[in-house]
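All remarks here apply to the structure that follows.
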Amino acid sequence: MNSLKSIFLNILIPIFISLSFALVIYNKAKVPDFLFDILPYLFYAIVLIIVAISWHFNRNRFIFIVVPLIMIQLGFTYLSAQKATYLFMCTSLLYPLHLLMFLVLKERGLFSLWGILKIGFFVLEAGIVAYLTYSLDSTFKEALNLNIFAINFYPLKDLSIVIGITISFVMLALVIFNRYIIYNTSFLVMLVTFYLGFYFIKTPHALEMAFLAISMIILTILIREAYRLAFYDELTSLPGRRALVEDMAKLGRKYSLAMCDIDFFKKFNDTYGHDTGDDVLKMIAVKLSEVSGGGKAYRYGGEEFVLLFPSKDIDESFIHTDILRQNIASTPFIVRNKKTQKKIFVNISSGVAQNTAKDKDPFAVMKRADNALYKAKKAGRNQVIKA
């Protein structure tokens, strides 16, 4: 379950983007007309950037999300009024489902079997929308005009609102319980933005602004994803070595750090397998991420972690590191196989060091902390030793 703080921090950016574009529409009288004239071209340019980045980073779900928006935009621009109305009715039902599907499906490459199936589904979906747009039969019209609510959501149909509410609850559950919080929060805001654009479609430029907001949210996701890939460890979700180097460059005149290592990790991997070893690394990472005293945890490599304590002396960092060691040592880890499960305990050893006038840079402090870690290993493990 994700913390409220994590949810708030991740949903804040897409909400800010969506609200910014909504404020532009609200104050459109104060905005120069030529800015609204270039909106479609700006939208197409951002979509091209999204397609290029998505292709490069193998985040192809975003291609399937923005291309339908272009098709909808072109349909509203060039189709007759009646056909545009049918297109509005169909896409208000199908695009939210489309959004949820490509949120849930994993990235497996565009030209893999799963990628080809996605392309096939997309082509089929576009064909259905095109068919209904050009020949909407009476039975489907009656289903669309079904009255469910006492209030009117015109121009949106009640069935579309039901689908939107259902998908919103599913996405909200993913926001709360799923670990891919950047995606889930952004897609939830994109869904709401899509519906607001359709609801205010008669307001000049509202739909264009909604589509531009969605494309900007996607572009932001890709930028954040690129940052995460560069600075965060994929397995543990902790900041990695590159992030550690960046943060060490910002340290002040006083700081301390701890080098931490899982005891007998190689033996554990040989006994229970690397998959279980990965689970142990994730568990240790979660515990280390809860470090108090203003500390921050990083995965340094393998089974080694670093705790950085800006503006803290060695005694303070020793206390917080030892609290973590005790918490980890007292937390059972369940090893499961096909028939049985076994409760085991995992320990860590740590070496703590504080910077001095003799240290040329933080790497010298890390070296002394690493030497203290080696002493903790030699002294019997499951302990913290000061450099």
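The values are calculated or read from the model by the stated rules, or taken from the named source; none is laboratory data. Computed from a predicted structure; not experimentally measured. Note: ideal-geometry Cβ built from the backbone for every residue, glycine included; neighbour counts use all protein chains shown.
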- Message: Name the residue that is nearest to the chain's Cα centre (by Cα), counting only residues in the stretch 81-106 that are within 15 Å of Tyr131 (Cα to Cα) and of a type outside the set (A, V, I, L, M, F, W, C).
- Response: Thr91
- Query: Among the numbered criteria (1) loosely packed, with under 12 Cβ neighbours inside 10 Å; (2) in a helix (DSSP H, G or I); (3) not β-branched (Val, Ile, Thr), which single criterion is violated by Phe111?
  - Reply: (2)
- Message: The conditions are (1) at positive phi; (2) part of a helix (DSSP H, G or I), and Ser237 fails exactly one of them. Which is it?
- Response: (2)
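Table: residues versus (1) closer than 24 Å to Glu225 by Cα; (2) among the aromatic types (Phe, Trp, Tyr); (3) part of a helix (DSSP H, G or I).
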position	(1), (2), (3)
Ile63	yes, no, yes
Val66	yes, no, yes
Ala84	no, no, yes
Phe122	no, yes, yes
Gly127	no, no, yes
Glu142	no, no, yes
- Task: Report yes if some residue within the stretch 116-129 is at pLDDT 85 or above and either outside the structural domain of Pro68 (by TED's automatic domain parsing) or under 18 Å from Thr85 (Cβ atoms) (or both); otherwise report no.
- Result: yes
- Tally the residues that are under 31 Å from the mean Cα position of the chain (by Cα), surrounded by 13 or more Cβ atoms within 10 Å (Cβ to Cβ) and not aromatic (Phe, Trp, Tyr), restricting the search to the stretch 330-346. 3
- Query: Of the residues that sit in the stretch 151-168 and are polar (S, T, N, Q) and free of Cβ contacts under 8 Å to residues at least 60 places away in the same chain, which one is nearest to Lys202 (Cα to Cα)?
  - Reply: Asn152
- Task: Go through the stretch 326-362 and give me each residue that's without any contact (Cβ under 8 Å) to a residue 60 or more places away in the chain and assigned to a helix (DSSP H, G or I).
- Result: Gln326, Asn327, Ile328, Ala329
- Considering only the stretch 144-166, state which residues are farther than 13 Å from Leu196 by Cα and either part of a loop (DSSP other than H, G, I, E, B) or modelled with pLDDT under 85 (or both). Leu144, Asn145, Leu146, Asn147, Ile148, Phe149, Ala150, Ile151, Asn152, Lys157
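Taking the stretch 273-290 as the region of interest, how many residues are part of a loop (DSSP other than H, G, I, E, B) and over 23 Å from the mean Cα position of the chain (by Cα)?
Within the stretch 273-290, the subset part of a loop (DSSP other than H, G, I, E, B) is 273, 290.
Subset that is over 23 Å from the mean Cα position of the chain (by Cα): 273.
Total meeting the criteria: 1.
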- Looking at (1) under 21 Å from Phe16 (Cα atoms); (2) within 24 Å of the chain's Cα centre (by Cα), can you tell me which one Leu207 breaks? (2)
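Here are some residues: Ile72, Ile38, Ile49. Which one is surrounded by 18 or more Cβ atoms within 10 Å (Cβ to Cβ), in the same structural domain as Ala226 (by TED's automatic domain parsing) and either in contact (Cβ under 8 Å) with a residue 12 or more places away in the chain or farther than 30 Å from Leu144 by Cα (or both)?
On the way: Ile38 fails: surrounded by 18 or more Cβ atoms within 10 Å (Cβ to Cβ); Ile49 fails: surrounded by 18 or more Cβ atoms within 10 Å (Cβ to Cβ).
Residue meeting the stated conditions: Ile72.
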- Message: Which condition from (1) exposed (fewer than 15 other Cβ atoms within 10 Å of the Cβ); (2) more than 16 Å from Tyr131 (Cβ to Cβ) is the one that Arg61 breaks?
- Response: (1)
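Residue-wise test of (1) crowded, with 17+ Cβ neighbours inside 10 Å; (2) in contact with a Leu (Cβ under 6 Å, 6 or more places away or on another chain).
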{"residue": "Phe177", "(1), (2)": "no, no"}
{"residue": "Phe187", "(1), (2)": "yes, yes"}
{"residue": "Met190", "(1), (2)": "yes, no"}
{"residue": "Phe194", "(1), (2)": "yes, no"}
{"residue": "Ala206", "(1), (2)": "yes, no"}
{"residue": "Met209", "(1), (2)": "yes, no"}
{"residue": "Leu219", "(1), (2)": "yes, no"}
